Amino acid sequence: METARAVGVDPRKVNYITYDGGGDLLTALLGKKIAAGTTGLGEFVDQIEAGQVRVLAVSGAERVDGIDAPTLTEAGIDLTFTNWRGILAPPGISGEARDAMVQALTDLHGTQQWRDALLKNGWSDAFSTGAD
């Protein structure tokens, strides 16, 4: 709806359809049941590479390596946003347990496998721990 608002369309006028996952969205796109979709690049990497779907724009501040598509800003839309994921713990977790989890994630972040996953999925590396 932020995209609609950024291009001057009343979000209440948009026929927004939700899907439970990338598979359902892909089926709707390929079946021409919808005109366009919004998702993370990682869900459609294979279909993008095969030419089955076309990336019209990416929403981050910078282009994605290997994806031939402008940012929304480059396309004339004054909007930047990213899709992020977090690792969460319940309230009251001990400082020791929290520190152990942060260290495990920090160790994972430093691996070649993580760098490979970033590249394969078109993810931006926004790793952050602590109060941030």
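Points to keep in mind about this one:
- Within the chain, helix-based [θ] at 222 nm, where runs of 4 or more DSSP H residues each add -39,500 (n - 2.57), nearest 500: -9500 deg cm²/dmol
- Whole-percent pair-distance distribution, where bins are 5 Å wide, for the alpha carbons of segment 84-132: 4, 17, 26, 24, 14, 9, 4, 0
- Acute angle (nearest 10 degrees) that the helix 112-121 long axis makes with the longest principal axis of the chain, alpha-carbon atoms: 20 degrees
- Accessible area, probe 1.4 Å, largest first, for residues Leu88, Leu79, Leu30: Leu88, Leu30, Leu79
- Here the accessible area of the chain is 52 percent carbon and sulfur, with a 1.4 angstrom probe and all protein chains present.
- Applying 1/(1 + (r/R0)^6) with R0 = 30 Å to the Cβ-Cβ distance of Arg98 and Asn121 gives a FRET efficiency near 0.65.
- Each of the chymotrypsin sites (Phe, Trp or Tyr not before Pro) that DSSP puts in a loop and that has at most 15 other Cβ atoms within 10 Å breaks the chain; the longest unbroken stretch is 20-80.
- Options [x] 1.03; [y] 1.00; [z] 0.96 - which one matches Rg/Rh (Cα atoms, Kirkwood Rh) as calculated here: [x]
- Exposure rule at most 12 other beta-carbon atoms within 10 Å, DSSP loop GluC sites (Glu not before Pro): the chain longest free segment: 1-61
- Using a probe of 1.4 angstrom and keeping all protein chains present, the accessible surface of the chain works out to 77 square angstrom per residue.
- Qualifying trypsin sites (Lys or Arg not before Pro) in segment 20-107, where qualification requires a DSSP coil assignment and no more than 16 other C-beta atoms within 10 Å, comprise Lys32, Lys33, Arg54, Arg63, Arg85.
The values are calculated or read from the model by the stated rules, or taken from the named source; none is laboratory data. Not measured: the values here are computed from a predicted model. Please note: Cβ atoms are built from the backbone with ideal geometry, for glycine as well, and neighbour counts cover all protein chains shown. We work out accessible area using only protein heavy atoms, side chains counted, and drop any ligands, DNA or RNA first. Shrake-Rupley method; radii C 1.70, N 1.55, O 1.52, S 1.80 Å.
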